[in-house]
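See below for the structure under consideration.
Bear in mind these aren't lab numbers, they're just calculated from the coordinates by the rules spelled out. On a predicted model such as this, the values are computed, not experimentally measured, just so you know. Note that each Cβ is placed from the backbone with ideal geometry, even for glycine, and that neighbours are counted across all protein chains shown.
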Amino acid sequence: MEKSRRYLFDALRDEQGFTSVGMAISLLLCLCLIFSAGRVYRIATKSSEIQFVADAAALAAENEIGEYMVVVRLCDAVVLSLSLTSLVSSGLGVVAACTPVSAPLSEPLISLGKKIADARDSFSRAAQNGLEKLQRALPFIACANAMLVAQANNKSDSNYIAMTLLAPFEGSLTQLGSSDETLAAQTKIDERSEELREASQAAEEQTQEAREAKERAFMRDCGDDPSYCMSERASTLAELSGAENPVYSSADTWSFQVPLDRARSYYAKRLEQETPASDSIDEQVRSHMRKQLYEYAVDMLEDGYVHESLDTFEAFFPKLPKNTEEMRLTSLYTMSCYPITDKDDSLVIHAWKGCPQAQEFIRLGSLQEAESQNFDTCQTCDFSASSLGKVAAASSSIDNGFEYHYNAVAQAAEDYQKARNEAAPHIQETKEIADELLHVLGDAFEAARNCRIDAQPPGRAGAIVVVANLSAADTSRGFVSKFIENHKEVGVRLAISGATLIAEPAGETGSIIASLLDGLADESSAVGASKIVLKAWSNMLHAYADGQQALSDGLQNALDSLPLMSESGLGRWAADAFSNLVQSVGLAPANLDALKPVIVNTAHVAKYGEGDFFANLIEVKSEISQNPELADNPVVGVITNIEDKATEALEHMDSFEIAQIEIFDGALSFPIEIALPQPIKDLAHEGIGWVANSLRSLESTLVRVRVWQ
């Protein structure tokens, strides 16, 4: 057992010595490699930090282009909304001119339409200049913002500077369309507005007379119920009820057909019910004459009619005689229905065949014949033309008779028809003038829809930022080791980054535009036409973002502000016509997608740029991708290009008021301004030149190394 243990120990213990120098060297090599890898990682980390700063600076530079487009869209919204408001105001003036109640608002609304068009033109010119001025300053603003972001990342061992170049270099600003159609429409409205007001005034006067006639007829038919009127008399005298004797509460729901139908039912019922009240000859004569009058009324009313539409009215209410004179003008006087007897060679007329003295009558004759030939009067029935006239007068002369109210309704129908006929040409004239003016407004709306501000700013394709860290970094700090040299440090580093804009769903742009006038209409001291127009402008700003629906809703709100109630109905007609016209405009919502900066490969930006730098950058990146060790210096030429653009922009850095909005003769005025942060202003004179010189001095020191992406 002891011997076995010795052999096992000898196998594990070798005096030749693997545990001596070889092991020590292996351990030292491992430690050197570990600490060398750590140092390499430290160097790589320090070297790559600049790329993150470059990316942040590129985003900051391109963000300024996105902010510029917010201002462009705001100005575009003001121009479009003022164009629409101007035309809406002019259109409201046309509508208001169609009714006497709203006519006092017509001239102020038309005048405001022209003033707002002038304000739009003035703002548009100022905005064009202001946006061009800001556009020329964009190279500096983008460069300054990138520089500020780079400086914000400075630490104890870093000193960042940055320069920015926008792609493309140049921008453009255009205003599409013109205001010629608006001017033409408002000139035409000016020329014919007074004529329109006069025609609508005449139409209103005549339709008011028609309204008064209709009110009179309504009251005499059933409006006075339960006092004396046709419905009350029909109920009391003929016991009519229900559908044969309806009662209406308002002339607006009542029509002239109602009394005509009521009269037909009444006389048919009275004819059916008529019997003598007693057996006396006088009562029998009166009953017979009443029957003749009822029969006459039933026959005549069959010829009556009422034809009414929105534009026309025609009616015929047969007149019933009120006295002997009027009776002589009817068929009651001429029809041969009365017995004629011959007594002692003298002809006598009788009331009816039942007269005791008419039993042997020789023929039938008429009252006209009796009066023209001087017939004798029957001593029993005492019948004559005046007898029949008195029966008719009994119910026609005082208000307890049905005929009294019927005749009043018949006369009112004549007056109503006359007034309607006299109003018709004035209504037609009003509609023709309004149609003409609304037509030219329609052309102006079509033109205004396309009268916009469009911008293609520098940097719209992207921005390239060159960032340098001027401070050397001691890579041994925090990682001290005796296995590698400690005196080496990473020198000046440089990185390039690119950013461009992408669209995202509407955000702050839409809210800025929509809230531009929030509360102003309610808080403003404007009254009357000015308040209506100010509210309309607020709605038109919403139309910029929301399109046709907001435009139509805004117009309807404005129309609801006008007192358009009138007898002629022209105000409501004009409002509907104007509303239909605006609905056909087809205004599409503006593109309010927010433009957000994102990091992209600089080659994607460089291909949209102009000049040697961009061309060189594309070539260099191509060479690097194929053989990094053969690449030229990518910074060559960039510094001068950037400095030139930024210096050019400095000439326009005095102020940034884009434009001033002024309406209501300056009573409402506010500017659209761009406030530059103070740090950007501080860079305006010395910062850019110092950065350019610092970067330029680095060109000779740059060496070909791995480029950090």
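Tabulated results
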quantity: Kirkwood hydrodynamic radius (C-alpha pairs) into Stokes-Einstein, the range 69-139, 4 °C and 1.567 mPa s, D in µm²/s; calculated: 96
quantity: Spin-label pair T174/A503, simplified geometry with 7 Å Cα→Cβ offset, distance in nm; calculated: 1.8
quantity: Diffusion coefficient, µm² s⁻¹, Stokes-Einstein with Kirkwood Rh over alpha-carbon pairs of the range 72-195 at 20 °C and 1.002 mPa s; calculated: 119
quantity: All-pairs Cα distance distribution in the range 208-267, expressed in whole percent, bin size 5 Å; calculated: 4, 22, 32, 24, 12, 4, 2, 0
quantity: Protection proxy ranking, peptides 335-344, 122-131, average beta carbon neighbours within 10 Å, highest first; calculated: 122-131, 335-344
quantity: Globularity index of the range 244-286, i.e. its alpha-carbon radius of gyration over 2.2 N^0.38 Å; calculated: 1.74
quantity: Of K188/K531; K115/K535; K291/K353; K291/K322; K319/K390; K291/K390, pairs whose Cα-Cα distance is over 23 Å; calculated: K188/K531
quantity: Fully extended contour minus Cα-Cα distance, from E436 to T377, at 0.36 nm per residue; calculated: 14.1 nm
quantity: The range 323-377: Cα Rg divided by the 2.2 N^0.38 Å rule of thumb; calculated: 1.10
quantity: Mean Cβ count within 10 Å, highest first, over the residues of peptides 223-231, 54-62; calculated: 54-62, 223-231
quantity: FRET efficiency estimate (nearest 0.05) - Cβ-Cβ, Q257 to K390, R0 25 angstrom; calculated: 0.20
quantity: Directionally averaged projected area (convex hull, Cα atoms, the range 139-286), nm²; calculated: 25.0
quantity: Where GluC sites (Glu not before Pro) fall in DSSP loop in the range 232-262, at most 14 other Cβ within 10 Å; calculated: E239
quantity: Range of Cα positions in the range 205-310 per principal axis (Å), largest first; calculated: 55, 29, 24
quantity: Alpha carbon centroid spacing (whole Å) that separates the range 577-603 from the range 240-281; calculated: 67
quantity: Sparsely packed GluC sites (Glu not before Pro) within the range 164-211, loop by DSSP, other Cβ within 10 Å at most 14; calculated: E170
quantity: Sites T334 and Q583 - FRET efficiency at Förster radius 60 Å, r taken between beta-carbons, to 0.05; calculated: 0.45
quantity: For the range 110-183, size of Cβ-based charge dipole, Lys and Arg +1, Asp and Glu -1, in debye; calculated: 220
quantity: Rg/Rg_globular for the range 277-407, with Rg_globular taken as 2.2 N^0.38 Å and Rg from C-alpha atoms; calculated: 1.21
